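The values are calculated or read from the model by the stated rules, or taken from the named source; none is laboratory data. Not measured: the values here are computed from a predicted model. Heads up, the Cβs are rebuilt from the backbone with ideal geometry, glycines too, and the neighbour counts pull from every protein chain shown.
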Amino acid sequence: MVMLGKGLSSALNARVIGSGVETLILGHGYGGDQSVWDKVLPELAQKFRVVVFDWNFAGSIKDANQFDMVKYSSYGAFADDLIALMDEMHLKSSIFVGHSMSGMIGCIASVRRPELFQRLIFIAASPRNAILLNS
């Protein structure tokens with residue numbers, strides 16, 4: 001496991017597990033944190049380079065000041081954070097797995113920067129949230 005120690009990757013508790021050729025990014029849903037992936041992570045890490053992180057509202061985030069209620073009132077700001085995290089980690093053509101709200105965040109990010117994404121996989125992503133795509 002690689003712990004990252006700078007910038008946004010550090011602020012979002014980003015970790016890299018595994019060393020596969022393809023990169024799999026796992027985005028958790030609202031009210032959770034990266035621990036939701038703990039049961040599947042060992043299996044995925046055998047085949048992929050897996051990136052897990054915590055959105056800045058997760059309870060595992062130490063600095064409560066990094067969550068700005070006004071800025072994060074739309075999914076667009078979260079998509080910007082995902083793009084910035086991927087840029088910082090030099091990730092291109094990755095597979096993004098988004099649970100719940102992360103699915104819609106991945107959609108927005110992929111529209112803004114399609115070269116970053118090879119594939120999007122959604123787990124219980126609500127289509128109702130699609131109205132926020134233009135945020």
Item to check | Qualifying residues in region 38-62 (those that are within 12 Å of the chain's Cα centre (by Cα) and at pLDDT 90 or above) - the one surrounded by the fewest Cβ atoms within 10 Å (Cβ to Cβ) | outcome: Asp54
Next on the checklist: Just to be sure before I move on: is Asn65 polar (S, T, N, Q), modelled with pLDDT under 90 and either assigned to a loop (DSSP other than H, G, I, E, B) or within 21 Å of Glu115 (Cβ to Cβ) (or both) in the structure I sent?
Outcome noted: no
Item to check | Hits in region 107-127 (condition: closer than 11 Å to Ile83 by Cβ and aromatic (Phe, Trp, Tyr)) | outcome: Phe117
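Applying the selection to region 102-123, what residues are outside any strand (DSSP E or B) and surrounded by fewer than 21 Cβ atoms within 10 Å (Cβ to Cβ)?
Going through region 102-123, the residues outside any strand (DSSP E or B) turn out to be 102-116.
Answer for region 102-123, where residues must be outside any strand (DSSP E or B) and surrounded by fewer than 21 Cβ atoms within 10 Å (Cβ to Cβ): Ser110, Val111, Arg112, Arg113, Pro114, Glu115, Leu116.
Quick one: how many residues across region 84-101 are in a helix (DSSP H, G or I) and surrounded by fewer than 20 Cβ atoms within 10 Å (Cβ to Cβ)?
Residues of region 84-101 in a helix (DSSP H, G or I): 84-88, 101.
Then keep just the ones that are surrounded by fewer than 20 Cβ atoms within 10 Å (Cβ to Cβ); that gives 84, 87-88.
Number of matching residues: 3.
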Item to check | Restricting region 70-79 to residues that are surrounded by 16 or more Cβ atoms within 10 Å (Cβ to Cβ) and without any contact (Cβ under 8 Å) to a residue 60 or more places away in the chain, the residue that is farthest from Gly106 (Cα to Cα) | outcome: Tyr72
